[in-house]
Amino acid sequence: MKKLKIFYLAALALTIMYTTGCKSVQDMVNRASEVTWNVAPGVLEMHGEQVQITITGKIPAKYFHKKGILVVSPVLKYGKNEKAFDQKTFQGEAVQDNNPIINFATGGQISFSATIPYTDDMQVSELELRLTAKDNKGVKFDMPVIKLADGVIITPRLVKNGLGVDNEGFNNAGQYGLTASEGVKLPGTVVSTLKADIKYDLQKFDVKKTELTQDDITKLLNAIKADTTGNFKGLNISSYASPEGDLDLNTGLSTNRGKAADKVLKDDFKKAKVKLDPALLTASTTPEDWDGFKTELANSSLKDKGLILNVLSMYTDPIVREREIKNLSEAYEELKSAVLPVLRRSVFEARFETGTRTDAEIISMMKSDPKALTNEEMLHAAAVTQNLNEKIELFKITSQYFPNNWRAYNGMGLVYMNLNKLTEAKEAFEKAKSLDNNEKVNNNLGVAYFALGENDKASQFFNSAGTVEAKYNVGVIEIMKGNYKAALSSFGTSCTFNAALAKILTQDYSGALSTINCMPNKDNAYAFYLKAIVGARTADEKAVLENIKEAVKKDAKIKEYAKTDREFVKFMQNDTFLSLVR
């Protein structure tokens, strides 16, 4: 009987061992090597300033204790620091908890993803898997630490270098995005005019002596007589009659006023013994000056001017117009004293043309006599000035004389960007936008907000602009977010560094090389560096070594970056590679 009992207990023990797979959870520790662990990607990568991993583990049959618990803790170690990903817990089928269950008889597959924010010191790092087994009494059993991967590839961060490559010549502004400016084009000649007029009495065409001594007439005639360089190019005399009275009468008045004005001009030149070329003289007459009437009325303070303007818009027949206006008896009396006398006139308009001033002359005049310059000349002065602070002052002078022109404020904003005065740049662009809400200004406002770290606000302005520059800038932001396909869509077919970078990040390596080769500045050091990355990703050792060699030859600072770039982790024991980056 005693032997039978011993045999029964031994059989029971074997049964228990079979059904539990081991005497205790300790056996899971002892057999830890039987579990296969993998991580994707094999070398960790940063996307959208995050490091994401997907870990898989294959648990063999009859391994996981029914009452066992396994805690899986991925940890990124870098230097003396480390950062833990969220851990994952799995349990045997007899555990009363809510974790994923691993079946004892069949084993199973563990799979989960985790993410941590990227920091600059994580580039040279290792991903470890720390495992802890526990039994149903809470006793812990530490398992061997497993190295899963190296890290971290930070190639998306080259987008910032790409801004400099794609915006060469934009100085500091280029690091923030592609800006837009309105070009300045000086005309071949500078045209200026002088105007003066002679007033006549009602139904008269004789010129009163007092009209000939007016400052505007004297200045105009003297300017023509003083010209010895051929800058005077012509004079037109336009003579008018006010829109009242008989049309035949007004026709005669405007014609005779033109003759009287012409005689005044010729008599003055004859008296001064200055020859006047008749070919430079033109003339025109307007019997009933309704356009002038409308303008003067609009600028007047007449209380019924709105009513009169309505009459003008309702009737086109001049006779009907005059009749209807006269019917407004009180208003008509005001017109006779305030508006109609101004229309009885001959207008002299002299035109002068001078050659374009030199840059030195324009800059000098900006400081001594800016009011004599045109808006284009003022903008040109700022454009050719090299000192950034002086540029700002010239744009400020321009905005004083031409306060409604957006280009001065837009130019001012671009200079502030180059001076890294980002708030001032934003304010200048906002002023430009208030004057002219155009696509170029909206793009530049987006660049300013991007520089200030307000990427969502920047995207709003870029999307509202829709220009080539704005689409490029949207692509940059999409790369930073980790949205590489969206970035490619924004870049389109442009031959830029960041378009090539987006293709690398979407694993279109042949497309990336084609884009690099059509870049205007394809000989830039970082263009060769991108080619080296393509070589590393396509296992082309020759391409890696040749392009790294060219990159560091053009920019020695790249050596330090390449030394720790995990894109080249497979080449970090390569003697040639090491000699190039040493």
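Here, each number is a calculation from the coordinates, and none is a lab measurement. Worth saying up front: this structure is predicted, and the values here are computed from it rather than measured. Virtual Cβ from ideal backbone geometry, glycine too; neighbours counted across all protein chains shown.
Computed quantities for the displayed model
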read-out	value
Sum of -39500 (n - 2.57) over DSSP H runs of 4+, divided by residues of the chain (222 nm, nearest 500)	-14500 deg cm²/dmol
Inter-label distance, nm, simple model (7 Å from Cα along the C-beta direction), residue 291/residue 541	8.2 nm
Sequence-distant residues sharing a close amide H with residue 233 (under 5 Å, placed H)	351, 352, 353
Size of charge dipole - the range 2-153 - debye, nearest 20, with Cβ of Lys, Arg +1 and Asp, Glu -1, no other charges	1320 debye
Extreme residue, positive dipole direction of the range 309-435, given options 362, 335, 389 (C-beta unit charges)	389
Charge-dipole axis of the chain as Lys and Arg at +1 and Asp and Glu at -1 on Cβ define it, positive-most pick from 103, 202, 379	103
Contour minus Cα-Cα distance for residue 579 and residue 199 (0.36 nm per residue)	127.8 nm
Neighbourhood net charge (12 Å Cβ-Cβ; Lys/Arg +1, Asp/Glu -1) for residue 311	+1
From the coordinates shown, Rg and Dmax of the Cα atoms in Å corresponds to which of (1) 28.8, 93; (2) 42.2, 157; (3) 23.7, 73	(2)
Cross-link pairs 208/336; 80/542; 481/553 - those with Cα-Cα distance over 28 Å	80/542; 481/553
Euclidean distance between Cα centres, the range 341-383 to the range 256-309, Å	24 Å
Size-normalised alpha-carbon gyration radius of the range 2-153, reference 2.2 N^0.38 Å	1.26
R0 of 45 Å, Cβ-Cβ distance residue 82-residue 181: FRET efficiency to nearest 0.05	0.40
Two-site label geometry, residue 109 and residue 34: point separation in nm, points 7 Å out along Cα→Cβ	2.1 nm
For the range 266-272, Karplus couplings with θ = phi - 60° (6.51, -1.76, 1.60), whole Hz, Gly/Pro x	5, 5, 5, 5, 5, 5, 7
Normalised contact order of the range 443-582, rounded percent, pairs of Cα under 8 Å and 6 or more residues apart	12 percent
Length gained when the stretch residue 510-residue 326 is fully extended (0.36 nm per residue, less Cα-Cα span)	58.0 nm
Length-normalised contact order for the chain - Cα pairs under 8 Å, 6+ apart - percent	12 percent
Residues listed by number, the range 229-260, amide nitrogen under 13 Å from residue 277 label point at 7 Å toward C-beta	229-235
Net charge, residue 328 excluded, C-beta distance under 10 Å - Lys, Arg +1, Asp, Glu -1	-4
Efficiency of FRET from Cβ geometry, residue 304 and residue 222, R₀ 30 Å, rounded to 0.05	0.10
For the range 238-345, alpha-carbon Rg and Dmax in angstrom	16.9, 52
Radius 12 Å from Cβ of residue 486, net charge of other residues (Lys, Arg +1; Asp, Glu -1)	+2
Size of charge dipole - the chain - debye, nearest 20, with Cβ of Lys, Arg +1 and Asp, Glu -1, no other charges	2560 debye
Candidate lysines - alpha carbon under 16 Å from residue 275, same-chain residues fewer than 8 apart omitted	225, 233, 263, 266
Trypsin sites (Lys or Arg not before Pro) within the range 42-124, DSSP loop, no more than 10 other Cβ atoms inside 10 Å	80
Expected-Rg normalisation [2.2 N^0.38 Å, Cα atoms] applied to the range 371-507	1.17
Antiparallel content of DSSP bridges confined to the chain, in %, to 5	85 percent
Pair residue 209, residue 361: separation of 7 Å Cα→Cβ label points (nm)	4.2 nm
Karplus (6.51, -1.76, 1.60) ³J(HN,Hα), θ = phi - 60°, over the range 155-164, in Hz, Gly and Pro reported as x	3, x, 6, 5, 4, 5, 5, x, 4, x
Selected from 161, 183, 253, residue furthest toward positive end of dipole (the chain; charges at beta carbon)	161
For residue 356, residues with placed amide H under 5 Å, excluding near neighbours	190
Pairwise FRET efficiency - residue 554 versus residue 313, Cβ, R0 = 56 Å, nearest 0.05	0.20
